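A.B. asks: To start, I am sharing the structure in question, which I have written as C-alpha cells.
The values are calculated or read from the model by the stated rules, or taken from the named source; none is laboratory data. Remember, it's a predicted structure, so these values are computed and weren't measured experimentally. Heads up, the Cβs are rebuilt from the backbone with ideal geometry, glycines too, and the neighbour counts pull from every protein chain shown.
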Amino acid sequence: MDQEADNGIKNNYPPVLQLQGSRLHNARATRLKDHFVAKYKQEPEFFVRVPGRVNLIGEHVDYCGYSVLPMAIQYDIVMAVKPISEPQLQLTNTDSSHSDFQCDINSFSIEVKKGVSPPWYSYFLCGLKGVLEVLQQVSVGMLVAVTGSVPQSSGLSSSSALVSAAALAAAHANNVKMTKLEIASVSAKSERYIGTQGGGMDQAIAFLGTKGCAKHIQFNPLQSEDVKLPDGAVFVIAHSLAVLNKAKTSDFNCRVAECRLASQIMAKKRGLSWEKLCSLADLQSAVRGSLDEMISLVKEFLHEEPYSKEEICCELEVSAGCLDQLSLSNNTTHISQFKLHQRALHVYQEANRVKAFQEVCQKDMETSAALSKLGELMGQSHESLRNLYECSHPNLDKLVLLGKGKALGSRLTGAGWGGCIVALTTKDTVSDYIDTLKEKFYKGNPAAFGRDLDSLVFATEPNTGAEIYEVN
Ligand code: ADP
Ligand code: NG1
Ligand code: MG
C-alpha cells in the first residue's frame, strides 16, 4: 500500500505525508517552491494540496439539506507554506494576474461588493477566518505561495479548493488537528463570508474524496459513504467556454432564497411554525412525508406564476423589512419576483434522482442496464436544471445536445450559468465522444482559439481528497 493510502485509511484526519518520494514531488511542486523562494528568500516548511470536484448528480440540493454524489478530480490547489513569528500573512500566486497580498494575520476584513468578483485572496481569507474562529487565540504568521490547476469559475469548485486549502494550511501551521469532517464543516461555513450561501458539498468532497470511488454525501450531520461506480463507466468533463464567478451576481443566492421561501410558505400552509424553518429538507422532516409526497405538496401549495415580494409578505403575514431579515440575504433583498413552484419541484425531484443513482450503483445490476439508467438520470437532471431551475447556459445545452447518442447521458455540473458539463461514457465510447465534442463544439469556436483542447474536454476518475506534505 502506498503511503497516501495507508495514512488516509488509518485515521479520519487529512493525511500528513512526506513530500520526498510522494506523488506531489513533481515539477509543478518544484516550480511552486522556486516561486516561494524567489519571493520570500526562504524555504517552505510544508505543502497542502486540495482537489476540485465534479458533481455527478444532486445539483442545487445541498443547501436545501439533501445529499449529493460528487467525486474529487485530478486538478487541485497546492500551497507552499512557512509559519513565521511575525503576526503577518503574505500571499503570492504563481499566476501573475493574481497580485500579491499581505495583511495582519489576526485582523483583516473580507470585502464583499455587490456585482464585483471578489479578489482571489479573499477566498484565502475566508478559510483563514474559519480556522481563527476555531483557534480562539492569535495565529502564527504565514508566508504562502499558491498555484492552482482547477479551471476557475467553471463549476469544478476552484473556490472551495482554495478556501479549504487555506483552512488546512492555517490549521497545520498552528498545530491544530481537525478531522476531515470538522475542517470540511469549518471551510463550508467560512466560504459563506465570500457572500454565497452554499451548502457544503464542495468542501466535503475536497476533504473526503478517495481514489476509485465517488461519494454519497449527506448533511446535518455531515457524513459520507463510498459509491462504487459500475465497471467500465468513464466520466468526461467538458467546458462550455462560458464562466461565471458565483460571488459576482445574485443568481446563486436568489435560488437559495427561493428554496427557503418555498419551504416557509408551504410550512405556513401546513400550519407549522415557519420562521425558523430554513430548508426544503427541514420541511420534509416536519411533515414526515416521502419525497413523492413533498412533490405533491409543491403542486398543491405553490402556483407556477412567479411570486411577487408583496404576495410572499402577504402569505407569511410579515412586512417587507421582516422578510428581508428572516428569509433574504444582502444581495437578494432587491429581487421582486421569485419562482417558488419550479425551484422546489426541482429540488425534491433531484433528491429522488440522487437516491435512484446511488441505488443503481449499489445493486448488482447488469452493467449496460446500470449505465443506461445512470445516463437517463443525468439527462433528467440537466432538463430540470435548465427548465425548472433556470441555471443552464446555451453553451451547456449545446454540449448536452451534441453528446446525445455518443454519451449515455450528460448534465451541467456545479452551480451552472456557464462552466462545465459531466458526461457518462464507457471505456469503449469515451474517445469517440471526446472527438465528437472537439470537432463539433471546440474547433472553429473563437473562444477556444489557441487553447489546448485536452484541457477543455477530458476524462476523469475519482481522486483523493486533501493532503498535507511535510518537506523534511
Ligand atoms: P468555481 O465554480 O470554480 O468554484 P467560483 O466562482 O465559485 O468558481 O470561484 C472562482 C474564484 O476562485 C476565482 O474568480 C478566483 O478568485 C478564485 N480562485 C480559484 N482558483 C484560483 C487560483 N488558482 N488562484 C487564485 N484564485 C483562484
Ligand atoms: P460551484 O459551482 O462550485 O461554486 C456551488 C456551491 C455548492 C452547490 C453547487 C450546486 C459553493 C461554495 N458551492 O458550487 O455548494 O450548491 O453550487 O449544486 O457555494
Ligand atoms: Mg465555487
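A.B. asks: Output the residues belonging to the range 55-69 that are out of contact with any strand residue (DSSP E or B) (no Cβ under 8 Å at 6 or more places or on another chain) and within 16 Å of ligand 3 (Cβ to nearest atom). Working first, answer last.
C.D. replies: Step one: filter the range 55-69 for residues out of contact with any strand residue (DSSP E or B) (no Cβ under 8 Å at 6 or more places or on another chain), giving 60, 63-66.
Answer for the range 55-69, where residues must be out of contact with any strand residue (DSSP E or B) (no Cβ under 8 Å at 6 or more places or on another chain) and within 16 Å of ligand 3 (Cβ to nearest atom): HIS60, TYR63.
A.B. asks: Name the residue, out of ALA281, ALA267, ALA233, that is within 16 Å of ligand 2 (Cβ to nearest atom) and not charged (D, E, K, R). Don't jump to the end; show me each part of the working.
C.D. replies: Working: ALA267 fails: within 16 Å of ligand 2 (Cβ to nearest atom); ALA233 fails: within 16 Å of ligand 2 (Cβ to nearest atom).
Result: ALA281 is the single residue among ALA281, ALA267, ALA233 that is within 16 Å of ligand 2 (Cβ to nearest atom) and not charged (D, E, K, R).
A.B. asks: Name the pairs whose Cβ atoms lie under 6 Å apart, with the first residue in the range 300-316 and among the aromatic types (Phe, Trp, Tyr), the second assigned to a helix (DSSP H, G or I) and modelled with pLDDT of 95 or more, and 6 or more positions between them or separate chains?
C.D. replies: Pairs found: PHE301/MET266; PHE301/LYS269; TYR307/LEU340.
A.B. asks: Quick check, is SER67 small (Gly, Ala, Ser) and surrounded by fewer than 20 Cβ atoms within 10 Å (Cβ to Cβ)? Full working, then the answer.
C.D. replies: Values: small (Gly, Ala, Ser): yes; surrounded by fewer than 20 Cβ atoms within 10 Å (Cβ to Cβ): no.
The answer is no for SER67.
A.B. asks: Taking the condition of being of a type in the set (Val, Ile, Thr), more than 13 Å from ligand 1 (Cβ to nearest atom) and in contact with a Ser or Thr (Cβ under 7 Å, 6 or more places away or on another chain), how many residues in the range 185-216 meet it? Give the steps one after another, and end with the answer.
C.D. replies: Filtering the range 185-216 for residues of a type in the set (Val, Ile, Thr) gives 186, 194, 196, 205, 210.
From the residues that got through so far, the ones that are more than 13 Å from ligand 1 (Cβ to nearest atom) too are 186, 210.
The next check asks that each one be in contact with a Ser or Thr (Cβ under 7 Å, 6 or more places away or on another chain); those that pass are 210.
Result for the range 185-216: 1.
A.B. asks: Additional query: Tell me, which residue of the range 310-359 that is more than 30 Å from HIS216 (Cβ to Cβ) and among the acidic types (Asp, Glu) is nearest to the chain's Cα centre (by Cα)?
C.D. replies: Applying the filter and picking the extreme gives ASP324.
A.B. asks: Is the range 97-109 home to any residue that is at pLDDT 95 or above and of a type in the set (A, V, I, L, M)?
C.D. replies: Yes - at least one qualifying residue is present in the range 97-109.
A.B. asks: Another question, if that's okay. Within the range 317-349, take every residue that is in contact with a strand residue (DSSP E or B) (Cβ under 7 Å, 6 or more places away or on another chain) and touching a residue at least 40 places away in the same chain (Cβ under 8 Å) and give me the one that is surrounded by the fewest Cβ atoms within 10 Å (Cβ to Cβ).
C.D. replies: So in the range 317-349, the residues in contact with a strand residue (DSSP E or B) (Cβ under 7 Å, 6 or more places away or on another chain) come out as 336-338, 340.
Okay, now just the ones that are also touching a residue at least 40 places away in the same chain (Cβ under 8 Å), so 338, 340.
Working: PHE338: 26, LEU340: 28.
Only one residue fits best here, namely PHE338.
A.B. asks: Pairs needed: first member in the range 275-293, closer than 16 Å to VAL347 by Cα; second member anywhere, of a type in the set (Ser, Thr, Tyr) and part of a loop (DSSP other than H, G, I, E, B); C-beta distance under 6 Å; at least 6 residues apart or different chains.
C.D. replies: Taking only residues 6 or more apart or on different chains, the pairs are ALA281/TYR66.
A.B. asks: Now a separate question. Among the helices (runs of 4 or more DSSP H) lying completely within the range 92-191, list those that include at least 2 residues that are touching a strand residue (DSSP E or B) at 6+ places or on another chain (Cβ under 8 Å), within 16 Å of ligand 2 (Cβ to nearest atom) and at negative phi. First the steps, then the outcome.
C.D. replies: Values: elements: 120-135, 158-173, 180-191.
Once the helices (runs of 4 or more DSSP H) in the range 92-191 are filtered for at least 2 residues that are touching a strand residue (DSSP E or B) at 6+ places or on another chain (Cβ under 8 Å), within 16 Å of ligand 2 (Cβ to nearest atom) and at negative phi, what remains is 120-135, 158-173.
A.B. asks: Right, another one. Looking at (1) within 16 Å of ligand 1 (Cβ to nearest atom); (2) more than 30 Å from GLU376 (Cβ to Cβ), can you tell me which one GLU182 breaks?
C.D. replies: Evaluating GLU182 over (1) within 16 Å of ligand 1 (Cβ to nearest atom); (2) more than 30 Å from GLU376 (Cβ to Cβ) leaves (1) as the failure.
A.B. asks: For ALA80, state whether it is touching a helix residue (DSSP H, G or I) at 6+ places or on another chain (Cβ under 8 Å), within 15 Å of ASN463 (Cβ to Cβ), more than 12 Å from ligand 1 (Cβ to nearest atom) and in a strand (DSSP E or B). Walk me through it before giving the result.
C.D. replies: Numbers: touching a helix residue (DSSP H, G or I) at 6+ places or on another chain (Cβ under 8 Å): yes; within 15 Å of ASN463 (Cβ to Cβ): no; more than 12 Å from ligand 1 (Cβ to nearest atom): yes; in a strand (DSSP E or B): yes.
Against the criterion (touching a helix residue (DSSP H, G or I) at 6+ places or on another chain (Cβ under 8 Å), within 15 Å of ASN463 (Cβ to Cβ), more than 12 Å from ligand 1 (Cβ to nearest atom) and in a strand (DSSP E or B)), ALA80 does not qualify.
A.B. asks: Taking the range 52-70 on its own, how many of its residues are within 16 Å of ligand 1 (Cβ to nearest atom) and more than 14 Å from HIS216 (Cβ to Cβ)?
C.D. replies: So the answer is 5.
A.B. asks: Let me ask something additional. If a residue must be over 21 Å from LEU156 (Cβ atoms) and touching a Pro at 6+ places or on another chain (Cβ under 8 Å), how many such residues does the range 361-412 contain?
C.D. replies: Residues that pass the stated criteria total 5.
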